[in-house]
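> Sharing a structure, written as structure tokens. Questions coming.
The values are calculated or read from the model by the stated rules, or taken from the named source; none is laboratory data. Since we're looking at a predicted model, the values are computed, not measured. Positions of Cβ are backbone-derived with ideal geometry, glycine not excepted, and every protein chain shown enters the neighbour counts.
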Amino acid sequence: MEEEPLTGGNDTEEVVRVGDTVRRSRGPRADFAAEVLRHLEAVGYPHAPRYLGTDDAGRDVLTYLPGRTTDHPSQRAAGAYALAGTMLRRLHDATAGHPLAGGAECVAHGDPGPFNAIFRDGLPVAFIDWTTCAPGSRLDDLAYLAWTWCVQAVGNVPVADQAAHLAELRDGYGEVEPEALVAAVVDRQTRVVERATATLADPASPAARRAHARNAVAWATADRELVREHRALLLSALR
């Protein structure tokens, strides 16, 4: 069958659509991601593709989820942020205490930005790109969700709207202490800046990776400045 390259996620691996399936090249964490997806299917978690094994080319095969990704609030419907928080909370609850979580709180998606979520009619229905999932912290995963869905230094989104989106997302997830969430958002932004800066300082980094790192530094730095400047407004909305 014809292979259709897919874009919209945040991964450099080959991803193609073949009929009603997605095929993607296997990375070093592919086996773990497959086990997580099998577990999520077994417990009825509805917000992830189903893992179908590997094809003759050795690629992972997953169910294709129709829809689109988003990069601006204007592309999302009312209730989208609360639903995103609920989707992540269900993931964490479904993996808390499971052997896949190891000694951590749960399995974290690791990269649950809107670029890794499928939307239909403006509402998120599933997370994709599960190669980043790993044992982790609920708050750390939630902080990345909160940052990438709600905080946007570009795009002319009023800060008051960003604060309202943040509160809606937190309410969808469940009770989280406001100061802890905002601090965790800044921490995630800082770690992105530090990792990307290290990539830029490495002369062995390929040109494409260095270009991605430059964009990451600019993105995370600008969004971190927004959070720091408007911390009081964000906390007020969360309270």
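> I'd like to know if the range 99-121 contains one or more residues that are at positive phi, under 15 Å from the mean Cα position of the chain (by Cα) and crowded, with 21+ Cβ neighbours inside 10 Å.
No, the range 99-121 contains no residue that is at positive phi, under 15 Å from the mean Cα position of the chain (by Cα) and crowded, with 21+ Cβ neighbours inside 10 Å.
> Do we have any residue at all in the range 172-184 that's within 23 Å of SER74 (Cα to Cα) and either assigned by TED's automatic domain parsing to the domain that holds TRP149 or not basic (Lys, Arg) (or both)?
Yes - at least one qualifying residue is present in the range 172-184.
> Sticking with this one: Show me the strands (runs of 3 or more DSSP E) entirely contained within the range 8-82 in which 3 or more residues are surrounded by 13 or more Cβ atoms within 10 Å (Cβ to Cβ) and in contact with a Lys or Arg (Cβ under 7 Å, 6 or more places away or on another chain).
60-63
> What is the one condition in (1) surrounded by fewer than 16 Cβ atoms within 10 Å (Cβ to Cβ); (2) at pLDDT 95 or above; (3) on the phi < 0 side of the Ramachandran plot that ALA204 does not satisfy?
Tallying (1) surrounded by fewer than 16 Cβ atoms within 10 Å (Cβ to Cβ); (2) at pLDDT 95 or above; (3) on the phi < 0 side of the Ramachandran plot, ALA204 fails exactly one: (2).
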